[in-house]
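What follows is calculated from the coordinates using simple rules that are stated; it is not laboratory data. All of these numbers come straight from a predicted model, not from anything done at the bench. As a convention, Cβ positions derive from the backbone with ideal geometry for all residues, glycine included, and neighbour counts pool all protein chains shown.
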Amino acid sequence: MTQHENETDVLRPLKTWSHLAAARRRPSEYEIVSVKTLYNAVNLERPLELDSNVYMNRWLRDYRIDSPLKHPDWSGFRDPDELIYRTYTTLQNGHETYVDGLLDQHDEQDHDQGLGADWIETLATLYTPMRYLLHTLQMCSAYLVVVAPSSTIDNCAALQAADQYRWVSRVAYRTAELARHRPEGGFGHAERGHWENHPAWQGARELMEKLLIAYDWGEAFVGLNFVAKPAIDEGVLRPLAGAARRHGDTLLAFLIEAQLRDSERSRRWSSALVRYALAGDPANAAVILTWIEKWTPLATAATEAYCRALPDMPVAASEADEAVKAFHSSLGLHAIRTANRASP
Amino acid sequence: MAFLNRADWYDLARATNWSPRYVSEDQLFPPEMSDRFGLSLEQWEAYDEPFKISYREYVDVQSRKDADAYSVRAALARSNFYDNADAGWQSILKLHFGALCLTEYSAVPGESKMARFGKAPGMRNMATFGALDEMRHTQIQLYFAHEFVSKSRQFDLAQKLLSTNSWAAIATRSAMDDTILGRDAATLSIMLTFALEQGFTNLQFLGLAADAARAGDFSFSNLISSVQTDEARHSQIGGATLKVLIANGKKEEAQRAVDISFWRQWRLFFTLTGPAIDYLTPLAHRDKSFKEFIQEFIVAQFERALVDLGLERPWYWDFFLKSIEFYHHSGHLEIWFVRQTVWWNPAAGVSAAERAWLEAKYPGWNAKWGRLWDVIADNVRHGRTDKLYPKTLPMLCNICGLSVGSIPHEGHSNRGYWTEFGMRRYYFCSEPCQWIFNLEPLRYQDHKSVIDRLLCGDIQPPDIEGTLRYFDLMPGERGEDAHDYAWAWPELALDPAAERPSQEAA
């Protein structure tokens, strides 16, 4: 007794979600659980089911939908690592076990007690205040989740925010350990003062304060993942690891190497997203380059100020600059912009 | 081994507020995004999340939780539980996954808004995990639901529902957007984590888990219990917000946020959970009635949480208590009648034995809803098919998007609530929904209910078939009576205590 007993167009069960069925291949677990889960990316005029002019609807129109970064279908983006929640926690649980091992092993060897007084001072000014900087990266990554136009982008950004908190936590852990082992260093008390006043941090602070209010999603993404994070990787973390090795702080060097593994993952998905954006619309090359050019001076000033304060790392800033440029070159943005300008 | 305790370093990881110099505090934390209560960064530094967890603990605990849930599913995958389950239980799975998988995802940007714009570092950190939790809830539930896509096209709605314009999708999006992403971080921490998660998720995730275990659906029971363990942690974000607000003289505003969200969630949850627990769950597997679950999880627990914080019960509490007796009975009958508009097959749940259970749990049920079901059963028995389907949709509320229902046979107690604003009249299901609108009419002004869309000509043709197509619900997805009306023939009715063969398995 149904009203459609004679209907011929009754939809039949499929082997996967209807939106994946057209691909005619077995979907991965990643595709099944990650693609097209952000429902408010669907209605462009009224992302939220409220008055069209309510504050957050205007915000999403201004900063997501009207972003100069354009693609006809952002939901087509795929994380090259195909990470889902389940695989992320498994992966990072393993990495955290490794970090636990480092901390335990070095503690047993009275590592902190063997560090020189000069290096302790360097750690107090140039390492432990870093939790503030890493927290700004955490906040900026979280912002991407608020405004990015598809769930596959959101998920990468949400995991990145968690990665950043991971290192905020480990810096806090080391701060407490150093405070216990080297009470003369002032650890655990002076970090905010250094972050707000020490010349080494003011460039990074200016970069991140300003980037935190770059609310266009595309600009936030490019500014964070192509300018700020690579600059901090190459111009803060890597030089600090180099200085640490020169001062017998193998623990810090190992910790930073572990931290940079998270950054490598960030670069993989970020590069994939840029390639996806360029494939969707080559005009994005000019947009992305404009943002890179806009934010690079602040990032360069930040790494120069930091590296100047680091002992025994005279060419760190220029090496960092080269490394970031090499990362940008890998995207081929200039060639695409030129080709796009030349095309009719 | 000489690891520090979490307490030795945790406070440092949440001492991350600083005084911005290169931008203003209001640029960094726009009040409309961060805190409409107007507290300073310093005032927010008193924020103390009661449930603390480190990143190291988080990935350890969560990876083990997932390993447990996925391995139970894998172990039971070949048990054919679904094929042999009662059609009512199959409908619960369709209803649950359709209503919740992507709704969970609305909290991913929601939690992230707290992680970015919250003025308290502890809130930002816990919400960073909260966003991951909600990603988990979306993904694990989608994965479990996907197992069933080849069984029924209706399971496709687990993925698709919230990108449609069905009444259920609009009502869900409206409730979530109004209380989560459409609010500033401080308000949403109350509306999402305190009013919704602490208030209601126990009901769906623990109440239904108990029924699922009794029904033998251990995979589902285990899944939703596992989800709830995350909720129990991150739902405490909002309680800590309320303490800060009350300590800074914002009790009245905080109370209003609780009252708005509690009502919006209640309208949604009785629609979702009430029929599932009192009608769709096979009688033999029912643990408690919906009303008993509400009394345990909401009236007792939530009331205690409010009192502990120094807040009052919502102003409409007496009406809320009364509505526990009737909202979902009327709602269930209505959904059964418009069953083509939903993606599961509603079980009427009114066989003789089930009616006896309903009468025992809700004295007077027969005199109110039973009499209406008598008429429907009579129409079934006499083959009056045209009377078993609606000619149009019921009146829907301009706030919650759900029907304006009441108690039948009580002098037709239904009364209208409306507000004139701008160029039109807005209709509401109840005084609390009207109150929510009147607080901030501009927030809802140009939003149209499904009925508005019918009247404005957005839905063409403006009939049931046109509406179903507007809902993006095609034959094969639309609901039908779960038991092919067997309940309407008392003399033929199967023993409702026994498992009934499902239509799909047959």
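Protection proxy ranking, highest mean first, for peptides B:163-170, B:179-186: B:179-186, B:163-170, where packing is the per-residue count of other beta-carbon atoms within 10 Å, averaged. Remark: the protein assembly as shown is approximated by an ellipsoid whose semi-axes, taken from the C-alpha gyration tensor as √(5λ), come to 51, 28, 26 Å, largest first. Rounded, prolate or oblate: which one fits the stretch A:16-132, using the alpha carbon gyration tensor with axes a ≥ b ≥ c (rounded when a/c is under 1.5, else prolate when a/b beats b/c, else oblate)? Here the stretch A:16-132 falls in the oblate category. Stretching the chain fully between A:Tyr98 and A:Asp118 yields a gain of 4.3 nm (0.36 nm per residue, less the alpha carbon separation). Pair-distance distribution P(r) for the stretch A:97-194, from all Cα-Cα distances in 5 Å bins starting at 0: 3, 13, 19, 18, 16, 12, 8, 6, 4, 2, 0 percent.
Sorting the segments A:146-155, B:17-26 by their mean number of nearby beta carbons within 10 angstrom, highest to lowest, gives A:146-155, B:17-26. Among the residues of A:204-211, the average count of other protein chain beta-carbon atoms within 10 Å of the residue beta-carbon is 3. Each peptide in A:133-141, B:398-406 was scored by the mean count of other Cβ atoms within 10 Å over its residues; highest first, the order is A:133-141, B:398-406. One Cα centroid belongs to the stretch B:32-47, the other to the stretch B:262-280; the line between them spans 34 Å. When the dipole is taken about the Cα centre of the protein assembly as shown, and only Lys, Arg (+1) and Asp, Glu (-1) are charged at their Cβ, what size is it in debye, to the nearest 20? Roughly 1220 debye, rounded to the nearest 20. Axis of helix B:218-234 versus longest Cα principal axis of chain B: the two differ by about 30°, to the nearest ten degrees. Ranking B:Asn366, B:Ala77, B:Ile451 by how far each Cα lies toward the positive end of the dipole of the stretch B:55-488 (charges on Cβ) leaves B:Ile451 at the top. Annotation: lysines with alpha-carbon distance below 16 angstrom to B:Lys322 (same-chain offsets under eight excluded): B:Lys291, B:Lys361, B:Lys368. Taking the inverse of the mean 1/r over every pair of distinct Cα atoms in chain A gives a Kirkwood hydrodynamic radius of 22.1 Å. With a 10 Å cut-off around each Cβ of B:126-133, the average count of Cβ atoms from other chains is 5. Over the stretch A:18-65, the reciprocal of the mean inverse Cα-Cα separation, the Kirkwood hydrodynamic radius, stands at 12.6 Å. Net charge dipole, chain B: roughly 340 debye, given to the nearest 20, about the Cα centre with Cβ charges of +1 for Lys and Arg and -1 for Asp and Glu. Simple rule: put +1 on each Lys or Arg Cβ and -1 on each Asp or Glu Cβ in the stretch B:55-488, find the dipole, and look at B:Ile294, B:Ala131, B:Val404; the Cα lying farthest toward the positive end is B:Ala131. Spatially, the stretch A:306-343 and the stretch A:28-65 are offset by 34 Å when compared through their Cα centroids. Within the straight-line cut-off of under 22 Å between alpha carbons, the lysines reachable from A:Lys325 are A:Lys210, A:Lys229, A:Lys294, sequence neighbours fewer than 8 places apart in one chain being disregarded.
Computed from the C-beta positions of A:Val10 and B:Asp463 and an R0 of 22 Å, the FRET efficiency is 0.65 to the nearest 0.05.
The sum of -39500 (n - 2.57) across all DSSP H runs of n ≥ 4, divided by the residue count of chain A, sets its helix-only mean residue ellipticity at 222 nm to -20000 deg cm²/dmol. Counting neighbouring beta carbons within 10 Å and listing from fewest to most, the residues B:His234, A:His95 come out as A:His95, B:His234. Between the stretch B:99-148 and the stretch A:228-289, what is the separation of their alpha carbon centroids in Å? So the two Cα centres are separated by 26 Å.
Placing R0 at 56 angstrom, the Cβ-Cβ distance between B:Glu42 and B:Arg214 gives a FRET efficiency of 0.60 after rounding to 0.05. Taking only the C-alpha atoms of the stretch B:55-488, Rg followed by Dmax gives 21.1, 66 Å. The mean count of C-beta atoms from other chains within 10 Å of the C-beta of residues in A:182-189, rounded to a whole number, is 1.
Overall, the stretch A:152-205 carries a charge dipole of about 160 debye about its Cα centre when +1 sits on the Cβ of Lys and Arg and -1 on the Cβ of Asp and Glu, all other atoms neutral. Length gained on full extension, A:Ala23 to A:Leu260, computed as 0.36 nm times the residue gap minus the Cα-Cα distance: 81.7 nm.
Rounded to the nearest 10 degrees, the inclination of helix A:130-147 to the longest alpha-carbon principal axis of chain A is 10 degrees.
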